[in-house]
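What follows draws every value from the coordinates through simple rules; no lab data is involved. If you're wondering where the values come from, they're calculated on a predicted model, not measured in any experiment. As a convention, Cβ positions derive from the backbone with ideal geometry for all residues, glycine included, and neighbour counts pool all protein chains shown.
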Amino acid sequence: MVKSFTYSLLGLILLLSTSGCGVFSLRHSLREGEAALKDHNYEAAIRHLSRAAARIPNDAALQYNLATAHFYLGSFIPAETALEKVLELTPGDTQAVELQGQIALQRGQWERARTCFNNVLKELPTDAPRLLSAIANVERGAMNPDLARVRLLQALKADWKYAPAHYNLAMLYNDHFDLIDEAIDELELFRRMANSNDPQLPRAVKTIDTLTKLRNARARATPAANRDTAASTTKTKDADRAAVSRQWTRAETLYRAALTDNPENANAAFGLGKTLLASRRKSEALTAFTLTTELNPNHADAYYQGAFTALELGKLPEAATLLHRAAARWPERDSFFALLISLRSAEKNLAGARAYGEYYLEVAPPGEQRRKYENWLKSLPL
């Protein structure tokens with residue numbers, strides 16, 4: 001934010017350099033204020049820039065830099081006064097409005113911060129990653145974690161390499177959704193993408209270490225029994241053939257035998273789940289689908305079938321566990337967000353349903369289903 005206005009101040013200094021020696025102290029104040037701001041010496045920056053502003057009260061760049069120094073020092077009232085002067089001189093200045101949003105965010109003035117950032121986003125759509133991340137911080141502060149998640153996913157859709165969005169998404173996954181693996185993944189991405197001097201980098205590294213230890217402590221214990229993987233694979237194939245022939249009892253028997261031979265056989269667990277579902281034994285099917293996701297965390301169909309079944313059974317916590325992890329792993333799959341809409345609707349969480357509905361429309365392909373969700377979203381009260 002500071003850099004773009006530095007050029008304006010340099011222009012002002014060059015303009016003053018053509019004047020007489022009476023403006024030497026003014027040029028000195030501008031140079032010293034600019035240097036102090038770059039060095040993050042905000043008290044010195046305020047001292048020098050205030051002295052210059054007393055001589056040149058109607059320079060927007062000078063007032064903005066003064067506001068910036070006050071902001072980073074935590075003195076929000078004089079920062080706002082300087083920003084009001086900027087907007088008086090250059091109405092609608094996006095950098096000034098964005099800084100007003102940052103001040104509102106720090107004060108917990110969620111509606112004002114949201115309005116400021118959204119107004120800037122309308123004017124600067126190419127800056128969507130940064131601004132959507134800022135809006136996500138607002139929604140998180142306002143206790144709207146679903147909407148915060150959606151804004152961060154939108155930021156990463158706009159620019160997958162925008163490192164701060166990965167960091168913020170990791171913190172959100174860990175703090176609000178208990179998604180340890182997914183939080184670690186996002187932090188690892190942040191660590192690779194962030195500059196070496198990023199102030200959040202040390203915390204990211206420390207959090208990765210903490211979460212890795214927690215994940216290891218929670219890890220599912222591998223059964224100690226001897227495994228016959230060859231026999232398990234053979235029985236799974238036989239069970240698959242029985243299932244295709246709709247021989248449900250035989251298929252179930254073979255899948256269970258395959259799991260006995262190898263309790264880590266995710267394909268057998270998933271096949272068992274589908275067989276039990278076909279036999280209308282939904283509760284047992286849900287257990288099998290959940291087991292599949294534990295054995296193979298990248299089995300997308302198991303997450304979907306398990307979550308769909310859990311919703312049918314009215315087991316909302318189980319559905320939430322599966323869906324939040326699936327949506328984090330496959331943010332481009334509209335089917336998971338359609339189920340998240342159903343989940344939040346069943347929980348009577350209209351704000352969450354609306355948030356996921358908005359994102360669903362961004363990732364869903366054109367068609368009748370998408371039109372139905374679009375009409376539903378439009379029908380919701382504001």
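I need the phi-derived Karplus couplings for the range 35-44: 6.51 cos²θ - 1.76 cosθ + 1.60, θ = phi - 60°, integer Hz, Gly and Pro marked x.
Residue by residue, the range 35-44 yields 5, 5, 5, 5, 8, 6, 8, 6, 5, 5 Hz.
Let's see if you can work this out: charge +1 on each Lys and Arg Cβ, -1 on each Asp and Glu Cβ, no other charges. What is the dipole magnitude of the range 145-217 about its Cα centre, in debye to the nearest 20?
Magnitude of the dipole: close to 180 debye.
If you build a Gaussian network model of the chain, linking Cα atoms that sit under 10 Å apart, which residue out of R151, R27, R130 swings the most?
In this elastic network of the chain, the residue with the biggest mean-square fluctuation among R151, R27, R130 is R27.
For a label point 7 Å from the Cα of L382 along Cα→C-beta, name the residues of the range 140-158 whose backbone N is under 15 Å from it.
Correct set: none at all.
Rounded to a whole number, what is D in µm²/s for the range 145-217 from Stokes-Einstein with the Kirkwood radius over alpha-carbon pairs (4 °C, 1.567 mPa s)?
For these conditions, the coefficient is 106 µm²/s.
I need the peptides 202-210, 81-89 ranked by packing, meaning the mean over residues of other C-beta atoms within 10 angstrom, with the highest value on top.
Working: 202-210: 14.4, 81-89: 18.8.
Result, highest mean first: 81-89, 202-210.
Calculate the dipole size of the chain relative to its Cα centre from +1 charges on Lys and Arg beta carbons and -1 charges on Asp and Glu beta carbons; express the result in debye to the nearest 20.
Result for the chain is approximately 580 debye, rounded to the nearest 20.
With everything on Cα atoms, drop me the angle between helix 334-346 and the longest principal axis of the chain, reported from 0 to 90° to the nearest 10.
Result, in degrees: 90.
To the nearest 0.05, what FRET efficiency results for I56 and E264 with a Förster distance of 56 Å applied to their C-beta separation? Can you show the working numbers first?
Working: r = 73 Å, r/R0 = 1.30.
For I56 and E264, the calculated efficiency is 0.15.
Quick check for you: which residues of the range 63-106 have the amide N under 12 Å from the point 7 Å beyond the Cα of D127 toward its beta carbon?
93-102
Compute the signed sum of charges (Lys and Arg +1, Asp and Glu -1) over the other residues within less than 9 Å, Cβ to Cβ, of A53.
Within the 9 Å Cβ shell, the charges total +2.
Can you find, among G101, T90, I46, the residue farthest towards the positive end of the dipole of the chain? Put +1 on the C-beta of Lys and Arg, -1 on that of Asp and Glu.
Sorting the options by dipole projection puts first G101.
Return the subset of K213/K235; K282/K378; K274/K348; K235/K315; K315/K372 for which the Cα-Cα distance in this structure is over 28 Å, preserving the input order.
K213/K235; K282/K378; K274/K348; K235/K315
Treating only the Cβ atoms of Lys and Arg (+1) and Asp and Glu (-1) as charged, compute the dipole magnitude of the range 141-270 about its Cα centre; round to the nearest 20 debye.
It works out to roughly 180 debye.
What do you get for the angle between helix 76-89 and the principal long axis of the chain? Use alpha-carbon atoms, 0 to 90 degrees, nearest ten.
Long axis of 76-89 versus the principal axis of the chain: about 70 degrees.
For the range 234-379, what does the convex hull of the Cα positions come to per residue, in cubic angstrom?
It comes to 113 Å³ per residue, whole-number rounded.
Hey, rough spin-label estimate for E88 and R31, points 7 angstrom out along Cα→Cβ, what's it come to in nanometres?
It works out to 3.1 nm between the two label points.
Local charge sum around E374 (other residues, Cβ-Cβ under 15 Å, Lys/Arg +1, Asp/Glu -1)? Before the final figure, lay out each step's value.
Working: positive: R354, R370, R371, K372, K378; negative: D334, E358, E362, E368.
Here the charged neighbours net out to +1.
Neighbouring Cβ atoms within 10 Å as the yardstick, rank K274, K315 fewest first.
Values: K274 21, K315 17.
The order, fewest Cβ neighbours first, is K315, K274.
What's the local net charge at I135, with K and R +1, D and E -1, over the other residues with C-beta under 9 Å away?
It works out to a net charge of +1.
For N296 paired with D181, estimate the spin-label separation in nm (one decimal), with each label point 7 Å from Cα along the Cα-to-Cβ line.
1.3
If you look at just the Cα atoms of the chain, how large are its Rg and its Dmax in Å?
Here Rg and the maximum Cα pair distance are 28.0, 99 Å.
Once Lys and Arg get +1 and Asp and Glu get -1 on their Cβ, which of L361, L277, A170 lies farthest toward the positive end of the dipole of the chain?
L277
What spacing in nm lies between the two simple spin-label points modelled at A219 and L313, each 7 Å away from Cα in the Cβ direction?
Label-label distance for A219 and L313, simple model: 2.8 nm.
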